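I have placed the structure first, in the form of structure tokens, so that the comments after it can refer back to it.
The values are calculated or read from the model by the stated rules, or taken from the named source; none is laboratory data. Since the structure is predicted, the reported quantities are computational estimates derived from the model, not experimental observations. So basically every Cβ, Gly included, is an ideal-geometry build from the backbone, and we count neighbours across all protein chains shown. With ligands, DNA and RNA removed, areas are computed over all heavy atoms of the protein, side chains included. Shrake-Rupley method; radii C 1.70, N 1.55, O 1.52, S 1.80 Å.
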Amino acid sequence: MTTTLHTNFDDFFRDAFDGRDPFDYQNRLATEAALPSLVHVPTGAGKTAAVLGAWLWRRMTKPESIGRRLVYCLPMRTLVEQTRGVAKEAIKSLSLQPRFRVHTLMGGEVDSNWKGKLNWEAEPERECIIIGTQDMLLSRALNRGYAMSRYKWPVHFGLLNNDCLWVFDEIQLMGNGLATSTQLAAFRQQFKVAGQTHSIWMSATLKKDWLETVDWKEQVATLEVISLSEADREAAVLSARLKAVKLLSKANEQCRLPNGLAEFVQAKHQNGTQTLVIVNTVKRARDVFQALTKLYDKTDAPQLELIHSRFRPAERKTWHELFKDESYTQGMGRIIVATQVVEAGVDISSRLLITDLAPFSSLVQRFGRCNRNGEHEQAEIFWIDRPTTKGKIADKAELEESEKQDIARPYDWLELETAQKLVENLDSASPEALEKVPYDEPYQPKHVLRRRDLVDLFDTTPDLSGYDLDISRFVRDSDERDVSVAWRDLQGEKPPRDAPKLLRDELCSVSIGDELRTFLNGKDTGGKPRQAWTWNPLERDWQKVSASDLRAGMTLLLDIRAGGYDERRGWDASSKSPIIDVSDVLAEKNEAYPDDPLTFHPKKYLQTLAAHSREARAAAEQIIAALDSLALDEWRDELLHATHHHDWGKCHEIFQETLHKHLEGVERNVVLAKSTGGGRHSRPHFRHELASALALLQHGASDLAVYLAACHHGKVRLSIRALPGESKPQDDAGKLLDSKFARGIW
């Protein structure tokens, strides 16, 4: 397959995106000299294609104008797979697969979906698109990557803060993460980074002053904004979307209760059409879905679907095809009950939309899921006043403040009151009508990342209690902190040490406050106390986790008998259904602190230290040459010196003893770097990287070279101290010596 050479962006865009002509703003984003920082266009105007097309075009024609990695940050998991599909299809249509690759970051699994499973983190010179949720991406940009090996944190931190174009889509949903995105942009300018590192913020309801955080405030006034031009508005496709008929009215009071809402949906739904119900919490979505299931239990039923953020990828894989499937038009139609996961970016359209009251910016996004392309001559939207959690409809005047906030979750009561005043005066929810609504929705993050926070996060060494700095407050709002939960057939026992690592398909995202603490304190389907486990890399074993131990970003393993999950309903603390184990027995094992998976591997090879050092240096020379646009010449000699000597510490007698274990036919005086033998070191916690760094230091190497040698496995960073269980220095007679020791080095 050959690559077509394009001489203009219009042809390039048509080939990439199914023959569609680019809108004027999409053309400007790709071709104007200055790259904008803000994209403010209505929902359904093609922001995803705009960004992907612009990045690909600039990398093909003016690579120096934009970073070699496109980091596409989305607030919700459902958007990631959809965006990945668009990106992969565009690259395939342009026959650019050999040059550009697409990777996703969700739940700790880096998924390339390319033959050979090429690893983006091992190819810093590679041009690629990385698509992920704000949890996965922002945590990595802060050097505390959620649901991944802590020893790879610094690699992702470096790659995602240098030579990148960051794109933040649907920023009205980002919460505290929006402030973190602007602060990181400011710190990249202050600290200086390699290559073109730029940020773009996008939303249909964008307010420029949302970006005015303490260290980014001065830059906001100068940020370039792209919005629709008159040419865009006159284009036939966009004009139909902007003027689509969407009649807006209030639903009856009974819709505030799950059963009442289900009855209202049944009465309003039309055969052969799609109805979308968007509610504010996972629990309410489950309750409404359950009520609908009962209503249709003894009658011909439309297709009923439940969609929310608390599903495993193993079950969510069908959603993308579901959104595209229009077979419902031939029968009773389809009713989808969903949470906010469909309110932004998801390419789905309904004739009837019924939604809980939400902040106005969120309502605008939800309205965009109704008659999205103007395909219906007339469509209807009903909004529901604040639902109640009391099982009855209460008079708002009689509610206490705490009750109001409980009902308003996950939003603020005042936000909902403001939105209600606006929608009460509207009878149309067409994009054209919504653009004229005067609203001011302030953004006040509860936690803002500061310079000292980022400096503290540079060191990934755990504190003395084994914990790390908690970054959850910088990633999402404090009441939206998630952990990842997996279920396996453990037979009620502790997981074995050599159990395969937890992979993305088996991980379900669960809010710490979303019934999880109560759930863990309960009993499993057999009446036994539930047990949760997490991998402890320092102890090289699974560690029991109690409800009080929960921290955002943790990965937990439960027995399938613990309950709490249903294939149709997703996470449900009340579920006693048997849970299918979807683990992969062939997955890699969890990495522990003493492990050196790149050194000891029974299926790999023997290699001398001299050969490995030459090979590593040659690879570094190739990477530096490929990164010529980053102007690394100033550090070239130090980088090559560090690379050539990064494993110098493997000369140590302790390490050579381990490398030669179980080997036959290899002389003991042969200094090895890699071995098919190996095992655990006779001296606990021995780290060859520290030995390498000390040897370089003794021979006058630069600070940079010493640091790179020390941290190249991510297990030795800035803080050097002895770990529990280390052997104290002693002479040949076994007498203890008064010498310093740390990480197995005396």
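Taken as a whole, the structure places residue 357 among residues that are touching a Lys or Arg at 6+ places or on another chain (Cβ under 7 Å), open to solvent by less than 20 Å² (accessible area, probe 1.4 Å) and farther than 20 Å from residue 292 by Cβ. The sole residue among 502, 434 that is crowded, with 19+ Cβ neighbours inside 10 Å, closer than 25 Å to residue 571 by Cβ and of a type in the set (A, V, I, L, M) is 502. Are any of the residues in the stretch 169-182 over 16 Å from the mean Cα position of the chain (by Cα), at pLDDT 90 or above, open to solvent by less than 20 Å² (accessible area, probe 1.4 Å) and of a type in the set (A, V, I, L, M)? Yes, that holds for at least one residue. The residues of the stretch 62-76 that are hydroxyl-bearing (Ser, Thr, Tyr) and at pLDDT below 95 amount to a single one, 65. Among the residues of the stretch 421-431 satisfying the criterion of being of a type outside the set (D, E, K, R) and farther than 21 Å from residue 352 by Cβ, which is least open to solvent (accessible area, probe 1.4 Å)? Per the criteria, the residue is 422.
Can residue 341 be described as under 30 Å from residue 207 (Cα atoms), in a helix (DSSP H, G or I), of a type in the set (A, V, I, L, M, F, W, C) and within 23 Å of the chain's Cα centre (by Cα)? Taking the combined requirement at face value, the residue satisfies it. Taking strands (runs of 3 or more DSSP E) as the structural unit, those lying wholly within the stretch 211-308 and holding at least 1 residues that are farther than 23 Å from residue 324 by Cα correspond to 225-227, 246-250.
One line per residue, one yes/no per condition, for (1) in contact with a helix residue (DSSP H, G or I) (Cβ under 8 Å, 6 or more places away or on another chain); (2) over 25 Å from residue 80 (Cβ atoms); (3) of a type in the set (Val, Ile, Thr):
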site: 132; (1), (2), (3): yes, no, no
site: 136; (1), (2), (3): no, no, no
site: 144; (1), (2), (3): yes, no, no
site: 152; (1), (2), (3): yes, no, no
site: 223; (1), (2), (3): yes, yes, no
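If I ask for residues that are crowded, with 21+ Cβ neighbours inside 10 Å and of a type in the set (Gly, Ala, Ser), which ones from the stretch 327-353 would you list? Passing the criteria: 338, 344, 345, 349, 350. Looking across the stretch 418-445, just one residue is at pLDDT 90 or above and within 24 Å of residue 187 (Cβ to Cβ), and that is 445. Does any residue of the stretch 159-170 turn out to be in contact with a helix residue (DSSP H, G or I) (Cβ under 6 Å, 6 or more places away or on another chain) and in a helix (DSSP H, G or I)? There is no residue in the stretch 159-170 that is in contact with a helix residue (DSSP H, G or I) (Cβ under 6 Å, 6 or more places away or on another chain) and in a helix (DSSP H, G or I).
Taken over the stretch 293-318, the residue count meeting the criterion of being of a type in the set (D, E, K, R) and open to solvent by less than 50 Å² (accessible area, probe 1.4 Å) is 4.
Does residue 53 qualify as being closer than 28 Å to residue 348 by Cα and open to solvent by 20 Å² or more (accessible area, probe 1.4 Å)? It is false that residue 53 is closer than 28 Å to residue 348 by Cα and open to solvent by 20 Å² or more (accessible area, probe 1.4 Å).
Within the stretch 727-740, the residues that satisfy the criterion of being of a type outside the set (Gly, Ala, Ser) and either open to solvent by 80 Å² or more (accessible area, probe 1.4 Å) or farther than 16 Å from residue 694 by Cβ (or both) are 728, 730, 731, 732, 735, 736, 737, 738, 740. In the stretch 557-576, which residue that is surrounded by fewer than 16 Cβ atoms within 10 Å (Cβ to Cβ) and more than 24 Å from the chain's Cα centre (by Cα) is nearest to residue 498 (Cα to Cα)? Selected residue: 576. The residue that is modelled with the lowest pLDDT, among those in the stretch 688-720 that are closer than 19 Å to residue 654 by Cβ and assigned to a loop (DSSP other than H, G, I, E, B), is 720. Part of a loop (DSSP other than H, G, I, E, B) and within 25 Å of residue 341 (Cα to Cα) - does that describe any residue in the stretch 522-531? The answer is no; no qualifying residue exists. Taken together, 674, 650 contain a single residue that is in a strand (DSSP E or B) and modelled with pLDDT of 90 or more, which is 674. Residue-level check: of (1) open to solvent by 60 Å² or more (accessible area, probe 1.4 Å); (2) over 27 Å from residue 565 (Cα atoms); (3) under 33 Å from the mean Cα position of the chain (by Cα); (4) of a type outside the set (S, T, N, Q), residue 324 misses just (2).
Within the stretch 477-491, the residues that satisfy the criterion of being modelled with pLDDT under 90 and either touching an Asp or Glu at 6+ places or on another chain (Cβ under 6 Å) or not in a loop (DSSP other than H, G, I, E, B) (or both) are 478, 479, 480, 482, 483, 484. Of the residues making up the stretch 496-549, those that are more than 24 Å from residue 148 (Cβ to Cβ) and in contact with an Asp or Glu (Cβ under 8 Å, 6 or more places away or on another chain) are 524, 530. Hey, among 11, 24, 18, which residue is open to solvent by 10 Å² or more (accessible area, probe 1.4 Å) and over 30 Å from residue 435 (Cα atoms)? Of 11, 24, 18, the one residue that is open to solvent by 10 Å² or more (accessible area, probe 1.4 Å) and over 30 Å from residue 435 (Cα atoms) is 11. Evaluate the stretch 278-288: report whether one residue or more is of a type in the set (A, V, I, L, M), farther than 22 Å from residue 405 by Cα and modelled with pLDDT of 95 or more. Within the stretch 278-288 (the criterion being of a type in the set (A, V, I, L, M), farther than 22 Å from residue 405 by Cα and modelled with pLDDT of 95 or more), the answer is no, since none of the residues qualifies. The criterion of at least 3 residues that are within 29 Å of the chain's Cα centre (by Cα) is met, among helices (runs of 4 or more DSSP H) falling completely within the stretch 350-465, by 360-367, 401-408, 413-423, 451-458.
Filtering the stretch 33-48 down to residues that are under 16 Å from residue 66 (Cβ atoms) and within 30 Å of the chain's Cα centre (by Cα), which residue is most open to solvent (accessible area, probe 1.4 Å)? Step by step, filter the stretch 33-48, then rank; the result is 34. Summed over the stretch 199-226, the residues that are open to solvent by less than 50 Å² (accessible area, probe 1.4 Å) and either touching a Cys at 6+ places or on another chain (Cβ under 6 Å) or modelled with pLDDT of 90 or more (or both) give a count of 14. If you scan the stretch 135-156, which residues turn out to be more than 18 Å from residue 198 (Cβ to Cβ), touching a residue at least 60 places away in the same chain (Cβ under 8 Å) and in a helix (DSSP H, G or I)? Of everything in the stretch 135-156, those that are more than 18 Å from residue 198 (Cβ to Cβ), touching a residue at least 60 places away in the same chain (Cβ under 8 Å) and in a helix (DSSP H, G or I) turn out to be 135, 139, 150, 151, 152, 153, 154, 155. Checking each residue in the stretch 606-647 for being farther than 21 Å from residue 672 by Cα and part of a loop (DSSP other than H, G, I, E, B) picks out 627, 631, 632.
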